[in-house]
Amino acid sequence: MGTLDEPPNAEPTGLAHGRLGTGSIAFLGVAAAAPITTVIVAIPPALAAGAGPLAALSVVTVAVVLLLFGTPYAAMIRRRPSAGAAYPQLARGLGRPAALVGAWLALAGYHAIQFGLYALVGQAAAPLLHGWFGVSAPWWAVAAGCWAVVTLCGVIRVEFAAGWIAALTVAVSGVLAGLAAANVLRPADGRIETATYLITGPARIDRPLLGLLLALAVLAFAGFETTAAYAEETRDPYRTAGRAARVAVLLIMVLLAGVTWSLIVAAGPHGVAGRAAARGPELLFALAGERLAPWAVTIGRMALLAGLLAAILAVHHAIARYLFALGRERVLPGVLGNASPRTGAPRAASLTQSLIAGAALLGTALTGAESSARTARWLTVGGSLAILVLLLLTALAALLHLNRVPGREGVWTRFLAPLLSTVLLGVLLYLAGRNLAALLGVRAGSTWVVVAAGGLAACLAAGLAHALVLRSARPVRYAGIGLGGAVLVITPRSGAPAEPDHGSGNPWTWDTPPTASPAPAEPAPDVPAKVPRQRTPGAHRPERIHREVNG
């Protein structure tokens, strides 16, 4: 619907519908989580700390929590499928300020994750370039090549981009499965010991280590929730994205838990800590080199590079759709809400995200900074922590909204699942905050701990400030937060039923459908458009008066 800030008949081009299925979106979620990056960067330090089988078991435990979360998440998607993913869900459950806080958390978190992935690309490509061509390229040159591919794939038809990402993800998953199978078929000392999957002496479990592992595991899943951003482009907007989120969680769990267990089997339960401490990120390739031909190790390194590219592509598409949803509601510049009429892709939002990433890479290269696994770890952990906060807010929003506006959902979907997921995600967030220094790989009290915590606080402040500015300066735009661009403004009149207001600049009301023609009226002098006062009950929440808005 038109607003007071634009012509009422303005119809920006929307996203293409009916182009994605459950499998495509599930692989987009798996790619965004980048499981091979977790295996290379996060699992070896955990094993070096003496985690043993707890590393794989923590992945399974967190997957169960996220599957619980997936139930109310899917229910909220059914209520309003949107490219904004969690953003409209927060608007419905926790209010508009919380929605903008969530949007800032999502944008900051996904950008940090993407920059961390770019920092790893150069290191992943270095052994291949040296082995094939005998050259060593600077990290920023490899990152620039990946950036060009991502920029191109961001503006093509979504089913083509999803197909490329799915193909890369399937290839990477196949390589990981092959390396894991080789580890299991040739275990240390010729046999698989029970200590590789059973915890011996539960009383000796290091509780701080257990908390660290659970926090690390939940951060490893960050990205699966991006499946909701494609809800508008699916064949069944009300079910496909929610189903794909749970499929993505299961796939990530199988890959991470299976490969982690295979590393313990290959190195031996008593020797894996020493091997992981000595080899670090090279642990997977070192164990593969002992069991397979050199060309198989090369394929593993190619899979790492392909997995990083797929992850950057998936995160890019998620960010572009968040920007599109915010631009469509004119919370951010309206040009971001335009899609290509030919491809149906959010072209303006995609190019904007590419410019942001390109500027960051250019600035980093000009300053002479060097990429490293440590830098990538700082960025990805910080970004994943922001996504964890977003998941907690989304679970709480689902708990409140599904019970405040009951629908067809049962007690499990409406109350028990969101309540359990809220509590458990809160526990995981507490563990992540408590072990933040260990997650970042720095000493307690390090500057990077302050930076990570300050970044979360900055997102909170930015979201609240953004909401206050919109509420005071652009109340109609503020009223449209979470409505997907269909802004509905009503102006109740005390003592009389609402009538069409032909002089207010808002030609649509609840009693006048969009197709109705206004009755002739005497010319009225030009007066400023009237905007409902913030304290007018229902003025900015039409769903409280007309429940059909809830879909």
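The values are calculated or read from the model by the stated rules, or taken from the named source; none is laboratory data. Not measured: the values here are computed from a predicted model. Cβ placement follows ideal geometry from the backbone for every residue including glycine, while neighbour counts extend to all protein chains displayed. In case anyone asks, the SASA skips ligands and DNA or RNA and just uses the protein heavy atoms, side chains included. Shrake-Rupley method; radii C 1.70, N 1.55, O 1.52, S 1.80 Å.
From the alpha carbon centroid of the stretch 153-170 to that of the stretch 329-343 is 21 Å. With all protein chains in place and a 1.4 Å probe, the accessible surface of the stretch 345-399 carries 69 percent carbon and sulfur. Based on C-alpha pairs under 8 angstrom that are at least 6 apart in sequence, the stretch 240-382 has a relative contact order of 10 percent.
With a simple spin-label model that places each label point 7 Å from the Cα along the Cα-to-Cβ direction, the separation between THR298 and ALA278 comes to 2.7 nm. In order along the stretch 450-463, the phi-based Karplus estimate (6.51 cos²θ - 1.76 cosθ + 1.60, θ = phi - 60°) of 3J(HN,Hα) comes to 5, 5, 5, 5, x, x, 5, 5, 5, 5, 4, 5, 5, x Hz; Gly and Pro are listed as x. Taken over the Cα atoms of the stretch 124-270, the convex hull encloses 185 Å³ per residue. For the stretch 52-113 versus the stretch 353-393, the inter-centroid distance based on Cα atoms is 20 Å. The local environment of GLY271, defined by Cβ-Cβ distances under 12 Å, has a net charge of 0 under the rule Lys, Arg +1 and Asp, Glu -1.
Remark: the stretch 465-474, residue by residue, has Karplus-estimated 3J(HN,Hα) of 5, 4, 5, 5, 5, 5, 5, 8, 8, 10 Hz, where x stands for each Gly or Pro and the curve is 6.51 cos²θ - 1.76 cosθ + 1.60 at θ = phi - 60°. Taking the Cα centroid of the stretch 427-464 and of the stretch 217-248, what is the distance between the two, rounded to the nearest whole Å? Going from one Cα centre to the other spans 26 Å. At the residue level, GLU159 shows approximately 50 square angstrom of accessible surface with a 1.4 angstrom probe and all protein chains present.
Each residue of the stretch 234-251 was assigned a 3J(HN,Hα) from its phi angle through the Karplus curve 6.51 cos²θ - 1.76 cosθ + 1.60 (θ = phi - 60°); the sequence is 8, 6, 10, x, 8, 10, 4, 5, x, 5, 5, 4, 6, 5, 4, 4, 5, 5 Hz, with glycine and proline shown as x.
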